[in-house]
Amino acid sequence: MTTVKLPPGKLVDSEILLRRWRSDDVDKLHALVNRSLPELSPWMPWAANGYSKEDAVEALRLGSEGWDAGEEFDYAVVVSDQVRGSCRIVKRGGPGVFELGYWLGSGETGRGLATRASALLVGIAFDLGADCVEVRNDESNTRSGLVPLRLGFNCLGSREIPAWEQQLWDQQSESASRSDIVWRMSREDYRKTRQNLPDKTPVADSGS
């Protein structure tokens, strides 16, 4: 029987805590997304037409299943005991490829939180055996693209969004085709740049 390698449930650096989302976070997730809809809805298909408590319950359920299966790992971004956003790595794009994603709540940008959270998860992806990590940001969302740029990712240029994502936009009555800027960091790139990234420290999973 093959053992699925899983990441730590919590990670910290000098500024932030990343912890696995829990089923009892539903009110926190629902409230954070709803107060952040003006910032999220242009870029996230799941936020395009509002975000109900049922949506939050389902997101946490799917995230938990994906974690236990060893396919995707969703973390709450916590600063000063408050959830400020979310970040994740997911096995997507072929063998050895992890995709990194992140979003922050309204008023939380401009503080380097997405960059710090992403740096922690890049390290975890390579710890889990990734050959490369990719980031995709809508070509109009230039602020999001600053994160991989700061971390030393290589820009591969513009690509049409994956079919599964286009289908999500189509379901939200957003039929226009979209394009992403694709960024990639290889394992060798990571070795060269890791000295510039914050150290990650696993911590015990008990507590909040």
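A few notes on this one:
- Antiparallel DSSP beta bridges within the chain, as percent of all bridges there, nearest 5: 90 percent
- Overall form of the chain per C-alpha gyration tensor (a/c, 1.5; a/b vs b/c): rounded
- Charge dipole magnitude, Cβ of K and R +1, D and E -1 - the range 10-194, Cα centre, debye nearest 20: 680 debye
- Between the range 47-90 and the range 94-136, the C-alpha centres lie 14 angstrom from each other.
- Working ranking of peptides 127-140, 54-67 by packing, defined as the average number of other Cβ atoms within 10 Å per residue, highest first, is 127-140, 54-67.
- Percentage, to the nearest whole number, of Cα pairs in the range 55-150 over 21 Å apart: 33 percent
- If you count Lys pairs in the chain whose Cα atoms are under 28 Å apart, skipping same-chain pairs closer than 8 places in sequence, the total is 15.
- Using θ = phi - 60° and Karplus 6.51 cos²θ - 1.76 cosθ + 1.60, couplings along the range 33-48 (whole Hz; Gly, Pro as x): 5, 5, 6, 10, 4, x, 7, 8, 4, x, 10, 10, x, 6, 10, 5
- Along the range 4-17 the Karplus relation, 6.51 cos²θ - 1.76 cosθ + 1.60 evaluated at θ = phi - 60°, assigns HN-Hα couplings of 7, 7, 10, x, x, x, 9, 9, 9, 10, 6, 10, 10, 10 Hz to successive residues, with x for each Gly and Pro.
- Computed lengthening from residue 62 to residue 143, 0.36 nm per intervening residue step minus Cα-Cα distance: 26.4 nm
- Helical mean residue ellipticity (222 nm; -39500 (n - 2.57) per DSSP H run of 4+; nearest 500) of the chain: -10000 deg cm²/dmol
- Residue by residue, the range 138-151 carries 3J(HN,Hα) couplings of 3, 5, 8, 8, 5, 4, 4, x, 5, 5, x, 4, 5, 7 Hz when phi is fed to the Karplus relation 6.51 cos²θ - 1.76 cosθ + 1.60 (θ = phi - 60°); x denotes Gly or Pro.
Just so you know, all these numbers are worked out from the coordinates, no wet-lab data involved. Everything quoted here is computed from the prediction, not taken from an experiment. With ideal geometry, Cβ positions are generated from the backbone for all residues, glycine too; neighbour counts draw on all protein chains shown.
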